[in-house]
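Student: So that we are looking at the same thing, I have put the structure below in structure tokens.
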Amino acid sequence: MYGSYDFPVKIELNEILISVEKENGNLIYRRKFGDDEVEKILLAEDAKLIVNPVEPVNKPVEVTSFLQIEFSRSVVVEPKSTRHIYLKFPVEIGVIVSSPADIEVLDIFAPVKPKYTLYGDPRNGIICKYWKSNIFSSIPGIDPLKEGVMELTIKNKVNEWVTITRAVFNGVEMKIYYSEDFVSMKALMDVSSKTVAETDFIDAPLKAGMKKSIEIYTARKIPIVGKKLEMEWGL
């Protein structure tokens, strides 16, 4: 389903229908997923349709740019060490219209029902998209229309054992890669104390031959202030 398509096009997979078809001299974009339907007129000639996974912080509304992944089991990391684990993260699907001169976000939808949580103090904390994941020692299998795999590198920089129960990320500059049957990200967690860490993304695919998703914040030309996130309210 993911990829670039010339007009006209019709994509059907599971409960998802995406099409661009000519009607009465106009191009009509339609998308149906369950009871959710979208229809738009495209005034375009030299354009393509791009379907790819995007940052999972857009739907149902743009409440937050932050994602919290809660671990199903706590991870205990030895002092002064670097370890790698694999997590699953939710996927949203972006439909983008592309011309030689520009790109435009046409549609975004979420196959997974969204949940939210508060990270930190009720007065000063941040609202996050919420996801719970098992911890894996190797790349797990996934449904690429609903979830992806994140390789998380944990760097414990302190001289103490550290227990980690979650990871919080700023989704503004997530680096998502995809293939026909796989979606991935790489991320880094720098632990600076038993209660504080900084998270960031690594711009690299998890497997060879994967394509990079269009970053929604870049496509919308939204100014980006910073991409790192300091987890100051506990690990």
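Student: Looking at the range 131-145, which of its residues are under 30 Å from ARG30 (Cα atoms) and part of a loop (DSSP other than H, G, I, E, B)?
Tutor: ILE142, ASP143, PRO144, LEU145
Student: Looking at ALA208 and the list (1) farther than 20 Å from VAL112 by Cβ; (2) in contact (Cβ under 8 Å) with a residue 40 or more places away in the chain; (3) out of contact with any Asp or Glu (no Cβ under 9 Å at 6 or more places or on another chain), which single condition is not satisfied?
Tutor: Result: ALA208 passes all but (2).
Student: When you check LYS32 against the structure, is it basic (Lys, Arg) and either modelled with pLDDT under 95 or under 30 Å from GLU173 (Cβ atoms) (or both), yes or no?
Tutor: For LYS32, the condition - basic (Lys, Arg) and either modelled with pLDDT under 95 or under 30 Å from GLU173 (Cβ atoms) (or both) - is not met.
Student: Would you mind stating whether ASN24 is modelled with pLDDT under 95 and among the polar types (S, T, N, Q)?
Tutor: yes
Student: Right, here's the next one. Take the residues in the range 91-129 that are in contact with a Pro (Cβ under 8 Å, 6 or more places away or on another chain) and closer than 22 Å to LEU152 by Cβ, then tell me which one is surrounded by the fewest Cβ atoms within 10 Å (Cβ to Cβ).
Tutor: If we take residues in the range 91-129 being in contact with a Pro (Cβ under 8 Å, 6 or more places away or on another chain) and closer than 22 Å to LEU152 by Cβ, then VAL112 is surrounded by the fewest Cβ atoms within 10 Å (Cβ to Cβ).
Student: Which of the residues that make up the range 4-39 are in a strand (DSSP E or B), touching a residue at least 60 places away in the same chain (Cβ under 8 Å) and surrounded by fewer than 14 Cβ atoms within 10 Å (Cβ to Cβ)?
Tutor: Hits for the range 4-39 are SER4, LEU13, ASP36.
Student: Are any of the residues in the range 116-130 part of a strand (DSSP E or B), over 19 Å from ILE85 (Cα atoms) and among the polar types (S, T, N, Q)?
Tutor: yes
Student: Now, a different point. So VAL57 passes all but one of these: (1) assigned to a loop (DSSP other than H, G, I, E, B); (2) surrounded by fewer than 20 Cβ atoms within 10 Å (Cβ to Cβ); (3) among the hydrophobic types (A, V, I, L, M, F, W, C); (4) in contact with a Leu (Cβ under 8 Å, 6 or more places away or on another chain). Which condition number does it fail?
Tutor: (2)
The values are calculated or read from the model by the stated rules, or taken from the named source; none is laboratory data. What you are looking at is a predicted structure, and each value in this text was computed from that prediction instead of being measured. Here Cβ is always computed from backbone atoms with ideal geometry, including for glycine, and neighbour counts include all displayed protein chains.
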